[in-house]
1. Please go through the stretch 98-124 and give me each residue that is assigned to a helix (DSSP H, G or I) and either over 12 Å from the mean Cα position of the chain (by Cα) or small (G, A, S) (or both), ordered by number.
2. Kindly indicate whether V67 is in contact (Cβ under 8 Å) with a residue 60 or more places away in the chain, surrounded by 16 or more Cβ atoms within 10 Å (Cβ to Cβ), of a type in the set (A, V, I, L, M, F, W, C) and more than 19 Å from P135 (Cα to Cα).
3. Would you say V106 is of a type outside the set (S, T, N, Q), touching a residue at least 60 places away in the same chain (Cβ under 8 Å), farther than 19 Å from V80 by Cβ and surrounded by 18 or more Cβ atoms within 10 Å (Cβ to Cβ)?
4. Mind counting the residues in the stretch 34-89 that are touching a strand residue (DSSP E or B) at 6+ places or on another chain (Cβ under 7 Å), among the aliphatic types (A, V, I, L, M) and not in a helix (DSSP H, G or I)?
5. Whether any residue in the stretch 72-88 is surrounded by 12 or more Cβ atoms within 10 Å (Cβ to Cβ), closer than 20 Å to E43 by Cβ and either more than 16 Å from the chain's Cα centre (by Cα) or of a type outside the set (A, V, I, L, M, F, W, C) (or both) is what I want to check.
6. Out of (1) at pLDDT 75 or above; (2) touching a His at 6+ places or on another chain (Cβ under 9 Å); (3) more than 17 Å from W90 (Cβ to Cβ), what's the single condition that is false for T63?
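The values are calculated or read from the model by the stated rules, or taken from the named source; none is laboratory data. Given the structure is predicted, the values throughout are model-derived calculations rather than measurements. Every residue, glycine as well, gets a Cβ built from its backbone with ideal geometry; the counts of neighbours run over all protein chains shown.
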Amino acid sequence: MLRKAQTRRKGKRYFHHTSMDVIRKRPAAELRGPQRLPGAMVEDAVIGEIRRMLRTPEVAARTARAVRKDRPDLDESTVVAALAQFDDLWKALIPAEQARIVQLLVARITVSEAGLAIDLRHEGLGAIAALMAPPKKEVA
């Protein structure tokens, strides 16, 4: 698992992610995988993986079930269509809002020698899909 950190050099801030193994000062013999990674690289990989996962049928079905609790008017096809709009939503958000979305969606990020693993928060998926879905129709 990585934790976001920053460094200042010559007045410029650089973001990176540091392994929790390093932060917890584990012995070098126990360290596995990358210890520090550039912030932009990790963030781009995480967003790419979120985009990929939002398009999978399993995640769409789970999200539709989660959304139905609060929005029974939304069927699975509407939820899938809403999730497909994630890229447009992402581009329209300022960085602070993007960070909030990632916090809603991502429970844990694990980087190892094998690659990147992201654990999604399914309740967060429901909240995002409900935000992107058409508004509830008012009964007159």
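1. Once the filter is applied, which keeps residues that are assigned to a helix (DSSP H, G or I) and either over 12 Å from the mean Cα position of the chain (by Cα) or small (G, A, S) (or both), the stretch 98-124 yields A99, E123, G124.
2. Spelling it out, it is not the case that V67 is in contact (Cβ under 8 Å) with a residue 60 or more places away in the chain, surrounded by 16 or more Cβ atoms within 10 Å (Cβ to Cβ), of a type in the set (A, V, I, L, M, F, W, C) and more than 19 Å from P135 (Cα to Cα).
3. Considered against the rule, which asks whether it is of a type outside the set (S, T, N, Q), touching a residue at least 60 places away in the same chain (Cβ under 8 Å), farther than 19 Å from V80 by Cβ and surrounded by 18 or more Cβ atoms within 10 Å (Cβ to Cβ), V106 comes out as no.
4. 1
5. no
6. Status for T63: all satisfied but (3).
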